[in-house]
1. Between helix 3-12 and the chain, what is the angle of the helix's C-alpha long axis to the longest principal axis, kept within 0 to 90° and rounded to the nearest 10?
2. For Arg56, what residues show an amide H to amide H distance below 5 Å, using hydrogens built from the backbone and excluding near sequence neighbours?
3. Near the amide H of Val47, under 5 Å away, which other amide H atoms are found, from residues 5 or more places off or on another chain, if H is placed in the peptide plane?
4. Dividing the Cα convex hull volume of the range 21-83 by residue count, how many Å³ per residue is that?
5. Please report the carbon-and-sulfur percent of the accessible area for the chain; probe 1.4 Å, protein heavy atoms only, DNA, RNA and ligands left out.
6. Between the range 23-58 and the range 92-154, what is the separation of their alpha carbon centroids in Å?
7. Output the Cα-based Rg and Dmax of the chain in Å, rounding Rg to one decimal and Dmax to a whole number.
8. At 1.4 Å probe radius, can you tell me the per residue accessible area of the chain in Å²?
Amino acid sequence: MNFDHFLSHLDGQSWSVRNKSFASKAFGEWQVSFIRMGGKFQLPGSVAFVVCVRRRGMRNLEQESIEFEKEPHAYPFKLTLHEIESGDFQYRSKLLRYDHSNHPVDSDWSLLAAHLENTIPAWLSRLTREALITQVRRFGESGYIERIWLEDLK
């Protein structure tokens, strides 16, 4: 399954695939988004991306609640493929800098598809609003967006 097939697969699994740079799906009260990074993050023949997770309805830096938020900074969780594979789903304050994954366009994307459809929803089925509040308070940096998220989570 190359990158184009990956996007077609997501589309067939009820994801909203806006273009080759953004796909999103709601899992209950949570939104999971595949966000392709552009510009300096791009390498020839590969796709730079981050998988983002937030509670639906959370506001962004402009304090707007946008259904299909394309800005990674508006998400508490910005996950690399490595973090997903290792099950590392603890909140970490990644306000000013976060890692991303690079995956070759023509390589096999089926593992990421499986994680988006199985691993992440299984984790989200156990993640509560209260648990996210606790994690942001404990591991956050009292950043502007973290304060907005805590307001939204109350």
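1. 60 degrees
2. So Arg56 has HN proximity to Trp30, Gln31.
3. Counting only residues 5 or more places away or on other chains, the set is His103, Val105.
4. Working: hull volume 5.7 nm³, N = 63.
With only Cα atoms used, the range 21-83 gives 90 Å³ per residue.
5. Details: 3730 of 7750 Å².
About 48 percent, which is the carbon plus sulfur part of the accessible surface.
6. Here the answer is 10 Å between Cα centres.
7. Final numbers for Rg and Dmax: 14.9, 44 Å.
8. Heavy-atom accessible area per residue stands at 50 Å².
The values are calculated or read from the model by the stated rules, or taken from the named source; none is laboratory data. Computed from a predicted model, the values in this text were never measured in an experiment. Just the protein is used for accessible areas: all its heavy atoms, side chains included, with ligands, DNA and RNA removed. Shrake-Rupley method; radii C 1.70, N 1.55, O 1.52, S 1.80 Å.
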